[in-house]
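Enquirer: Before anything else, here's the structure in question.
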Amino acid sequence: MKTKSIFLSVTLIAIMTVGAKAQGFQFGIKGGANIVQEQGRSFDQGFRFGYSLGGFATIKINKTWGIQPELLWNEYSTRTADIPNQVYTDLGTNQNISLNYLSAPVLLSFSPTKIISLLAGPQFGILINQNESVAQNTKEAFKKGDLSIVAGAQLNLGWVKLGARYYKQLNNTDNLGNVDTWTTQGFQAYVGVRIL
């Protein structure tokens, strides 16, 4: 009985895999670097490095169009402004800030050739944690939700995908009040490996 259950499970997985391939479905993992600027008077205006790790799927509608949903762990790094009490007295000055987001881009894919894909769409994010030194007296300086617009290009080299994209946050993430507007913009470069 146990052998039959295992055989049935393996058969179903094989059938789903073949069916997914026939419909133009791909799945893989990806990782790369974020180069981010936190905009607002509370922060310095430099770009800082972070990382990105996660997975992606590609669902082909036809030879040219498709959808590429992803689930990513994104680290965004910044630093508070060096002018004392520039905006908020309790935010602190010259502090390094690390924000970790669980991001879900849902991108429309246009492939004029087999090797190139142009991607664009929304990205939804949830703030997972922020370092404790973000604010001396305020532990939740940033709003928990994030909405961005993403656009970029990707090279499809067999099992390997190389890409670069720009993203711009659309909502204000300042959770301390209405004195300042905080938004993030940045670039992401990545390498992906197709598994399925």
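Enquirer: Once fully extended, how much extra length lies between V191 and L118, figured as 0.36 nm per residue of separation less the alpha-carbon to alpha-carbon distance?
Expert: Values: separation 73, 0.36 × 73 = 26.28 nm, distance 1.55 nm.
Stretched out fully, the V191 to L118 stretch lengthens by 24.7 nm.
Enquirer: What length, rounded to one decimal in nm, is gained on full extension from I149 through to I126, with 0.36 nm per residue of separation minus their alpha-carbon distance?
Expert: 6.8 nm
Enquirer: Here's another thing I want to ask about it. Along the charge dipole of the stretch 25-194, Cβ charges K/R +1 and D/E -1, which of G54, L118, T181 sits furthest on the positive end?
Expert: The residue sitting most towards the positive pole is L118.
Enquirer: For the peptides 166-175, 101-110, what is the packing order when you average, over each peptide's residues, the other Cβ atoms within 10 Å and list the highest mean first? Intermediate values should be presented prior to the final figure.
Expert: Details: 166-175: 16.6, 101-110: 18.9.
Taking the mean over residues of other Cβ atoms within 10 Å, the ranking is 101-110, 166-175.
Enquirer: Between N62 and I29, take the C-beta separation as r, use R0 = 30 Å, and let me know the FRET efficiency to the nearest 0.05.
Expert: Numbers: r = 26 Å, r/R0 = 0.85.
Once the sixth-power term is evaluated, E becomes 0.70.
Enquirer: Taking amide H atoms as placed 1.01 Å from N in the peptide plane, list the residues 5 or more away in sequence, or in a different chain, whose amide H sits under 5 Å from that of R41.
Expert: The answer is T181.
Enquirer: Sort K63, K30 so the one with the fewest other Cβ atoms within 10 Å of its own Cβ comes first. Walk me through the intermediate numbers first.
Expert: Numbers: K63 9, K30 20.
Going from sparsest to densest Cβ surroundings: K63, K30.
Enquirer: Consider a paramagnetic label point 7 Å from the Cα of V160 along Cα→Cβ; state which residues of the stretch 43-76 have an amide N under 12 Å from it.
Expert: Of the residues in the stretch 43-76, none has backbone N under 12 Å from the label point off V160.
Enquirer: Here's a follow-up. Per residue of the stretch 52-64, in order, report the coupling 6.51 cos²θ - 1.76 cosθ + 1.60 (Karplus, θ = phi - 60°) as ³J(HN,Hα) in whole Hz, putting x for Gly and Pro.
Expert: 9, 9, x, x, 9, 10, 10, 10, 7, 8, 8, 5, 9
Enquirer: Still on this structure, I have one more. Size of the dipole of the stretch 25-194 about the Cα centre, Lys and Arg at +1 and Asp and Glu at -1 on the beta carbon, nothing else charged, in debye to 20? Can you show the working numbers first?
Expert: On the way: 14 positive and 11 negative charges, 196 e Å.
Computed about the Cα centre, the dipole is about 940 debye.
Each reported figure results from applying straightforward, stated rules to the coordinates on display, with no laboratory input. All values derive from a computational prediction rather than experimental measurement. Counting neighbours? That spans all protein chains shown, and the Cβs are built from the backbone with ideal geometry, glycine included.
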